[in-house]
Amino acid sequence: MFSTLLVANRGEIAIRVIRTAREMGLRTVAVHSDADAGSPHVPAADLAVALGGHAAADSYLRIDRLVDAARRAGAEAVHPGYGFLAENADFADACVGAGLVFVGPTGAMIRAMADKAAAKARAEAAGVPVVPGYRGDDHSPARMRTEADAIGYPVLVKAIAGGGGRGMRRVGSADELESALGAAAREAASAFGDDRLMLERAIDDARHIEVQVIGDRHGALIHLGDRDCSTQRRRQKIIEEAPAPHLPADLRERLHRDALTLAGSIGYVGAGTVEFIVDSHGRHHFLEMNTRLQVEHPVTEMITGIDLVEWQLRIAAGEPLPLTQSQVRFDGCAIEARWCAEDPYADFAPQAGRVLRWVCPPTGPDLRVDAGITDGQQVPPWYDSMIAKVIAHGRDRPQATRRLARALENGALLGIAHNGRLLRDLLCDTPFAQAAIDTGLLDRWRAQGHPLLQAPRPDEDTWSIAAALRCAGSGAGGWRPAGLASWPLELVSGGDSRRMTITQHDAATFAVRLGETTRCVRIVHGPGDTPVDAGAGATRVDVDGLSRRVQVACDGDVLHLAIDAASFVFTAPVRATRGGGADAARQVRAPIAGLLGQLLVDAGDAVEAGQRLASVEAMKMELWLDAPFTTRVIAVRRRAGDPVAQGDVVIELAPAAPAA
């Protein structure tokens, strides 16, 4: 066994690998970009090496810098984590060439499965069914149009070197194909350095089922059961569970058999995942093989009791698998939710910014949290939006679901928008309870304006709590007028506002009159049962005799409040100044920090309302900036490829023409 391990990744991924390595008695080395210098994964390791840069292409994707970091730190082995270079054959070869142990399959094995078109051809040759599609070398628009017409719509445009939903577009008609091809190719080139595409028939009512396999260098290869990853948005997973529910025994057996057949065809070594699509008729089709550890591997660990990272490290050191197939045991059900910095109520737009407060749900034997976040940390726009994973185990699926839902309610993330409330709501909703989820459900709900994808609004109790907290001390913004026992107060949250009258009875008790109702709000205690003054941290609040726990953080005059997995932001109303509204409407701003991708207009161009002007690339997404009205472009303030901060003015427009 080697003694020093470099983890070529970041955030919760790196922390998770470091945890097992430390338990095994290994020294660990972290790497970080300039943007991640304050990330919790850096102090989690024994040593750390700066890679420089901010974007992944300038840091975590630099093979030369990673190999040099391993040399400088005296590492003997490299674990790639998942994402970034985990499935990069050149990286695996570079590590071996530098005398390092690569914790994963060989470069040749990675290449055999990294090319999605070649992997499907291999699957067909092995007798494993695949989704019909086009995987040829001619990627011209005309040929792709001909092939898409032959396959029949809807089709999926997919990056040949892709994964994780990058470089993928669903195309519902021929009119959408050209723009989808361009967007997928750009995204694939940015993420993988390879813009080649293929086409597949879109199976919209499908379940996404995957099988965990693992093999050693002595020829042993086994599976560790299956997972259902059908709860997705934008073809990217957000909830996964093991085992896959309501799977007929014969289908489960065929999935396990085909996964081992495919992995065995290349003599696979290490941990890997074979992914399948199962249609509404129960027919399964090979999708792809990921030659690495998956984000959702904890659900497999919780039902098998196996530490997959430990097995990876032992296999890399030449040890045999510790169990045979017949010795693997499965216990109960485990479900994982991906907590992401994104706004699920605004088309899942990614979010970047400063974390004011992170409250990790309590953990225990049946509840696990893998996180890479801390108070005050900046969530950068350069990487994936996932900041934590919450995993619950139960004797059966209902118990695991309840535990996970409660865990999400007991955690909190304040300062940036996130999907915590949506995850809780999904777990408690009927389709999930009945395991009636398919890969397109959330996208259909989004298009239909489903209530679950409408932003939660504060109820009257929450408005009253916010008012009391804003007036409870100088740390809450100093909103209590000196010398007054009662005073008016107006708060704004989202697009709503409320006018209230506040009467203070003592340091922690307020009467809040809202409409025709008056509520007695008492701030009971804060962290360590101390009286609350600043209104920050964990707080118990009593409203008319009903006490509840809330999480509070203040950023200047802005109050952030988390209740029942939902986060709300309360501010004072901003009165528009003369001309302010018009100026704001004429400025097209970056919705998030990232890179300016495409710039489709120049100064002097006439534009129509809704016309695409530019795109911003951030956190695995391409966000488009559209013209708010018909006008012309006065100035373009950025160039394609420039970094932009959230709120930066990209384009300035002339005033809208007056209505006729």
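The values are calculated or read from the model by the stated rules, or taken from the named source; none is laboratory data. Remember, it's a predicted structure, so these values are computed and weren't measured experimentally. Don't worry about glycine lacking a Cβ; one is built from the backbone with ideal geometry, like all the others, and counts go over all protein chains shown.
At-a-glance table
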item	result
From the options A73, A98, residue that is over 28 Å from the mean Cα position of the chain (by Cα), aliphatic (A, V, I, L, M) and more than 22 Å from G25 (Cβ to Cβ)	A98
Selection status of T28, at pLDDT 95 or above, at negative phi, in contact with a Lys or Arg (Cβ under 6 Å, 6 or more places away or on another chain) and not hydrophobic (A, V, I, L, M, F, W, C)	no
Cβ pairs under 8 Å, 6+ apart, first in the range 172-197 and under 20 Å from L623 (Cα atoms), second at pLDDT below 85 and assigned to a helix (DSSP H, G or I)	D195/R186; D195/A188; D195/A189
Qualifying residues in the range 536-571 (those that are modelled with pLDDT of 85 or more and not in a strand (DSSP E or B)) - the one surrounded by the most Cβ atoms within 10 Å (Cβ to Cβ)	A565
Identity of the residue in the range 201-247, within 25 Å of the chain's Cα centre (by Cα) and free of Cβ contacts under 8 Å to residues at least 40 places away in the same chain, that ends up nearest to P105 (Cα to Cα)	D226
Helices (runs of 4 or more DSSP H) completely within the range 390-436 that count 3 or more residues being of a type in the set (A, V, I, L, M)	397-410, 420-428
Options D366, D375: the member that is modelled with pLDDT of 95 or more, of a type outside the set (K, R) and either touching a helix residue (DSSP H, G or I) at 6+ places or on another chain (Cβ under 8 Å) or in the same structural domain as V299 (by TED's automatic domain parsing) (or both)	D366
Failed condition for I335, given (1) buried (at least 16 other Cβ atoms within 10 Å of the Cβ); (2) not in a strand (DSSP E or B)	(2)
The range 304-321, subset charged (D, E, K, R) and in a loop (DSSP other than H, G, I, E, B), residue nearest to I209 (Cα to Cα)	D307
Odd one out for D36 among (1) more than 19 Å from the chain's Cα centre (by Cα); (2) crowded, with 24+ Cβ neighbours inside 10 Å; (3) under 17 Å from G376 (Cα atoms)	(1)
Output for the range 445-464, where each listed residue is within 26 Å of L156 (Cα to Cα), without any contact (Cβ under 8 Å) to a residue 12 or more places away in the chain and assigned to a helix (DSSP H, G or I)	W445, A447, Q448
Cβ pairs under 6 Å, 6+ apart, first in the range 18-30 and within 17 Å of I315 (Cβ to Cβ), second aliphatic (A, V, I, L, M)	T20/V309; A21/L5; L26/L5
Any hit, the range 184-199, residues being within 19 Å of D443 (Cα to Cα), within 26 Å of the chain's Cα centre (by Cα) and modelled with pLDDT under 95	yes
Residues (within 19 Å of A405 (Cβ to Cβ) and surrounded by 24 or more Cβ atoms within 10 Å (Cβ to Cβ)) located in the range 339-360	W339, C340, P344
Wholly within the range 95-169, helices (runs of 4 or more DSSP H) carrying at least 2 residues that are outside the structural domain of C229 (by TED's automatic domain parsing) and closer than 28 Å to L5 by Cα	107-114
Residue among I391, I416 that alone is surrounded by fewer than 24 Cβ atoms within 10 Å (Cβ to Cβ) and under 20 Å from the mean Cα position of the chain (by Cα)	I416
Cβ pairs under 9 Å, 6+ apart, first in the range 544-557 and over 24 Å from R354 (Cβ atoms) and without any contact (Cβ under 8 Å) to a residue 60 or more places away in the chain, second surrounded by 14 or more Cβ atoms within 10 Å (Cβ to Cβ) and among the basic types (K, R)	D544/R519; S547/R522; S547/R540; R548/R540
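Okay, residues lined up against (1) among the acidic types (D, E); (2) in a strand (DSSP E or B); (3) crowded, with 18+ Cβ neighbours inside 10 Å:
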site: M1; (1), (2), (3): no, no, no
site: I13; (1), (2), (3): no, no, yes
site: A21; (1), (2), (3): no, no, yes
site: V29; (1), (2), (3): no, yes, yes
site: Y60; (1), (2), (3): no, no, yes
site: D64; (1), (2), (3): yes, no, no
site: D68; (1), (2), (3): yes, no, no
site: E87; (1), (2), (3): yes, no, yes
site: D90; (1), (2), (3): yes, no, no
